[in-house]
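Trainee: Take a look at this one; I'll ask things after.
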Amino acid sequence: MEPPAYASFDVPGYVGALRREGELLAAAAQRAGLATAVPSCPGWAVRDLLRHTGYVHRWATGFVAEGLTRPGGASEEEILSQGPADAQLPGWFCEGHAALVRALVAAPPDLECWTFLAAPSPLAFWARRQASAAGQAESTAGQPASTAGPAGPVPPANGAAFEPAFAADGVDELLMGFLARGIRRGNWAGLGGSLAIHADDGTAGRADWLIAGDPDAPGVSPGTGRADCDVTGPASELYLTLWNRGPADRLDVTGDPSILAVFGGALQITWS
């Protein structure tokens, strides 16, 4: 019997994930302390992560609530230089997070605004992107530096696992969204070989992706095939590793492991 596909997400599902992950981030920041280093973001403390994520929430809210058709306004650096002091920072973050959730809930299904990745609709794009961004931020905030691996913080031993369908969706966004866009733009450096990624959560779902790593013939597609390196594991672990939020030591890697190691540096994420 073929393993089932992961459950798909809709806008309410993304908004629910955004609400949950933002609340978890605020709680993790409180536990860790604002001065605690963020291992996967060298030079950053938790306060910087909160300020950055709070800025992103406000930035995204502008497109959703106002229907902006192009980016503009003050830069992140300008906004953060005028950001709140530590005492007000947690409340400022929570206010921005709540405002984004409200804007997404109130937005009409036919919302028209600027986006930067393909999606079924602008509303679906912003709900998905912000849910995933909140999940990535939450995964880094509470990890002590002593548990950091080469690619970022090591998840707790009991597994700070994301819901499998949410994590698989985040992997798909990275590969079929950001990576596919980089390939189309011609700024893909390649991996030195092909990479097959297999998310497997048993009855909760399975999905596969195949990356052609040769810079002369690049490509990424859903599905599987012969590859120079195969990476298999739960979607939650793949999500953390491929987004540079955790090491690969919980994944089953066969073939040439250097191809996976190159992946994190070969894909540059830009929000434009």
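Trainee: By how many degrees, 0 to 90 and rounded to 10, does the Cα axis of helix 257-266 deviate from the longest principal axis of the chain?
Mentor: 30 degrees
Trainee: While we're here: Can you give the net charge of the other residues whose Cβ lies under 9 Å from the Cβ of H97, counting K and R as +1 and D and E as -1?
Mentor: Overall, the nearby charge balance is -1.
Trainee: If you place +1 on the Cβ of every Lys and Arg and -1 on the Cβ of every Asp and Glu, how big does the dipole about the Cα centre of the chain come out, in debye to the nearest 20?
Mentor: Roughly 540 debye, rounded to the nearest 20.
Trainee: Let me ask you something else. How much net charge surrounds R206 when only the other residues with a Cβ under 11 Å from the Cβ of R206 are counted, with Lys and Arg +1 and Asp and Glu -1?
Mentor: -4
Trainee: Using only Cα atoms, find the angle between the long axis of helix 89-106 and the longest principal axis of the chain, and express it within 0 to 90 degrees, rounded to the nearest 10.
Mentor: Between helix and principal axis, roughly 70 degrees.
Trainee: Could you list, bin by bin from short to long, the percent of Cα-Cα pairs of the range 223-266 in 5 Å steps?
Mentor: 5, 23, 33, 27, 11, 0
Trainee: Whole Å is fine, so just give me how far the alpha carbon centre of the range 197-225 lies from that of the range 226-260.
Mentor: 11 Å
Trainee: Name the residue farthest towards the positive end of the dipole of the chain from the options G177, A37, S8, assuming +1 on Cβ of Lys and Arg, -1 on Cβ of Asp and Glu, about the Cα centre.
Mentor: Sorting the options by dipole projection puts first A37.
Trainee: If you don't mind, there's one more thing I want to ask. In vacuo Debye scattering of the range 10-49, one point per C-alpha: log10 I(q)/I(0) at q = 0.15, 0.23 Å⁻¹?
Mentor: Log-scaled intensity ratios, in q order: -0.44, -0.72.
Trainee: From the P(r) of the range 171-272, could you give the percentage of C-alpha pairs in the tail past 21 Å?
Mentor: The proportion of pairs with Cα distances above 21 Å equals 24 percent.
Trainee: Rounding to the nearest 10 and keeping the result within 0 to 90°, find how far the Cα-based axis of helix 11-32 lies from the longest principal axis of the chain.
Mentor: 70 degrees
Trainee: Follow-up. Counting Lys +1, Arg +1, Asp -1, Glu -1, what net charge surrounds E237 among other residues with beta carbon under 12 Å of its beta carbon?
Mentor: Charge balance in the 12 Å sphere: -2.
Trainee: So which trypsin sites (Lys or Arg not before Pro) in the range 191-272 pass both tests, a DSSP loop state and at most 14 other Cβ atoms within 10 Å of the Cβ?
Mentor: Sites meeting the loop and neighbour criteria: R226.
Just so you know, all these numbers are worked out from the coordinates, no wet-lab data involved. It should be emphasised that the depicted structure is a prediction, and the values quoted were computed from it without experimental measurement. Note that we place each Cβ from the backbone using ideal geometry, even for glycine, and neighbour counts take in every protein chain shown.
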